[in-house]
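In what follows, a single structure is set out as structure tokens and then discussed.
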Amino acid sequence: MSHPKLTTLPQWQALQRHFAMLGTKHLRELFAADPQRGERLTVENVGLYLDYSKQRVDDDTLRLLRELAEACELPRRIEAMFRGDRINTTENRAVLHVALRAPATKKILVDGHDVVQDVHEVLARMAAFSERVRSGAWLGHTGKRIRNIISIGIGGSDLGPVMAYEALRDYSRRDMTFRFVSNVDGTDFAEAVRDLDAAETLFIICSKTFTTLETLTNAHAARAWSLAALGDADAEKNGAIAKHFVAVSTNAEGVAKFGIDTANMFGFWDWVGGRYSMDSSIGLSTMLAIGADGFRDMLAGFHAMDEHFRRTPLERNLPVLMGLLAIWNNNFLDAATVAVLPYEQYLKRFPAYLQQLTMESNGKHVTLDGKVVDYDTGPVYWGEPGTNGQHSFYQLIHQGTRIVPCDFIGFGQTLNPLPAQGGGDQHDLLMANLIAQGEALAFGKSSDEVRAEGTPEALVPHRTFEGNRPSTTILAAKLTPHALGTLIALYEHSVFVQGVLWDIDSFDQWGVELGKQLAKATIVELTAKDEPKLAHDSSTNALIRRYRQLRDG
Ligand code: F6P
């Protein structure tokens, strides 16, 4: 499974030599040398137009990166994932989020069992349930129809659903309220329910394991709130939970123990990683919001990108290109972060979603066979919607000392066309900003240009933009459920490509365990009646004491 140590591969070393030659070449030179560059270094497929001409690469870079990918057996690894091999080796699991969006006519076997049929059975149950809720046929304990949906989950059981709800809000039922509770901070729950009628509120408890502290704590808070607010002292005995709680989980036993009827449980499987689960039943809130047809459109978008990823040669393969460019920027240009900048307000939670997808997947320091890597792996992902970011952190991206590769994401059509207000259509204004930012980053403004504008000499260095700052631009026609599916799958597969080259397990997340374990011990110390005997380091001991003092006044 593991490939020879990355940095000893001749293809890696060839890239290092190539970098030494190309490294300082300015994008201005690269564009001047090739007038067609802006059209040549683009790919358009499955409704996405990817312009990577403003990346600091030339044809040799791309060829060498592909050769590295071949040396790391990327095509074989892609096939292994689609085939259902247990490529998540540290958890001994298949990685089959692609099965979640496979058409019913496909067959994918795990231990001889066709999982696509299971997927479609659950999808049909989700659709029937969603229809009952959306049509008003599903009634709450007091006979009122459900108007509020609160999805409780965290990490992969929250970030995808929140992002998708926000992204597809334009397609959602506007007469229903959708909220999401994730943080164990009680404020999250309290604010979510404060203006809601419990009799009209349905909770979806989303947890793959059904053991996650935050989610179970919030689920208990939700149960207590519902039972108290329903105005029936015997609400629980009278079956109120079944009317107001459904679960999404792989753990039927845990769900039953919590008190939710497993008839109201929507399953998924251990071969779906948490951060790859928004198109499983974890997306029940998405389906409730946009309807089963909209959800299926989204799945079709995912599937279109899956097929593209599986079947397109490396040089025209969108996720492969994205992944290889990420390796180039991370390991050769030494860029430690990536900014994701959607010029689309509905994608405001997309960067947060990508943070988990990318960093929980590729924030690893050992190879598949447990050796500590001698190269950097996953960069930090962050971002905000444009144009807000421009008036905040873009200063650093343009003139700071660090290289921050940017992914600009935009759409040809807005979902909210507003009439022109002087300066032109608002959507044109938005997109003018997206396009201008990429141009400014790449080409900058030389000191001579600044001087030629009559700038006083003392200000010239301050007003100079060195440029040569890499970015990729992704355009699509319109933010639809289908387009969202393709966009997410693009990033999912790009993350996998990077993980294959770095030779890490992109599908485990052991790094979240230690903090969880320590918190369990700490809660005992925080809540002990008498001053506890503390055996941590001096900082942790002092923090525990000080917190207890502050809390107790
Ligand atoms: O943060 C760790 C993690 O295991 C994520 O990978 C996962 O998405 C999240 O916790 C929630 O887990 P669960 O769905 O089991 O509650």
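Peptide packing for 87-98, 47-58, 280-291, 436-447 was compared via the average number of neighbouring C-beta atoms within 10 Å per residue; ordered from the highest value, the list is 280-291, 47-58, 87-98, 436-447.
Structural descriptor for region 119-229: relative contact order 31 percent, calculated from alpha carbon pairs under 8 angstrom and at least 6 residues apart. Sequence-distant contacts, meaning Cα pairs under 8 Å at least 6 residues apart, place the relative contact order of region 60-108 at 22 percent. Give, as a single signed number, the net charge of other residues whose beta carbon lies under 12 Å from the beta carbon of PHE302, with Lys and Arg counted +1 and Asp and Glu -1. For residues surrounding PHE302, the net value is -3.
Annotation: average projected area of region 286-407 is 10.0 square nanometres, based on the convex hull of Cα atoms across all directions. Secondary-structure-derived ellipticity at 222 nm for the chain, considering helices only, amounts to -13500 deg cm²/dmol, per-run term -39500 (n - 2.57) for DSSP H runs with n ≥ 4. A DSSP coil position with no more than 16 other Cβ atoms inside 10 Å describes none of the chymotrypsin sites (Phe, Trp or Tyr not before Pro) in region 198-259. Per-residue 3J(HN,Hα) values for region 462-469, derived from phi via the Karplus relation 6.51 cos²θ - 1.76 cosθ + 1.60 with θ = phi - 60°, read 6, 9, 8, 10, 5, x, 6, 9 Hz in sequence order (x marks Gly and Pro). Out of every Cα-Cα pair that region 467-553 contains, those further apart than 15 angstrom amount to 76 percent. Mind checking region 170-225 for trypsin sites (Lys or Arg not before Pro) that DSSP puts in a loop (not H, G, I, E or B) and that have at most 10 other Cβ atoms within 10 Å? Sparse-neighbourhood loop trypsin sites (Lys or Arg not before Pro): ARG174, ARG194. Here region 437-494 has 55 percent of its accessible surface on carbon and sulfur atoms, given a 1.4 Å probe and all protein chains in place. At a probe radius of 1.4 angstrom, the accessible area of the chain per residue rounds to 43 square angstrom. Sorted into 20 angstrom bins from 0, the C-alpha pair distances of the chain split as 20, 49, 28, 3, 0 percent. Which helices, counted as full DSSP H runs in the chain, have an axial Cα extent of no less than 20 Å and a Kyte-Doolittle average of 0.0 or above? Span-like helices, by this rule, are 115-135, 213-229, 284-311, 426-443, 481-502, 513-527. Gyration tensor over the Cα atoms of region 2-109: the corresponding equivalent ellipsoid has semi-axes (square roots of 5 times the eigenvalues, largest first) of 34, 22, 9 Å.
Each Lys and Arg contributes +1 and each Asp and Glu -1, all at the Cβ; summed about the Cα centre of the chain, the dipole is approximately 600 debye. Using only alpha carbon pairs under 8 Å that are at least six residues apart, calculate the relative contact order of the chain and give it in whole percent. RCO, the chain: 19 percent. DSSP bridge analysis restricted to the chain gives an antiparallel fraction near 30%, rounded to the nearest 5.
The values are calculated or read from the model by the stated rules, or taken from the named source; none is laboratory data. A quick note: this is a predicted structure, and the numbers were derived from the prediction, not measured. In this analysis, Cβ positions are derived from the backbone assuming ideal geometry, glycine residues included, and neighbour counts consider all displayed protein chains. Keep in mind that these areas ignore ligands, DNA and RNA; they rest on the heavy atoms of the full protein, side chains included. Shrake-Rupley method; radii C 1.70, N 1.55, O 1.52, S 1.80 Å.
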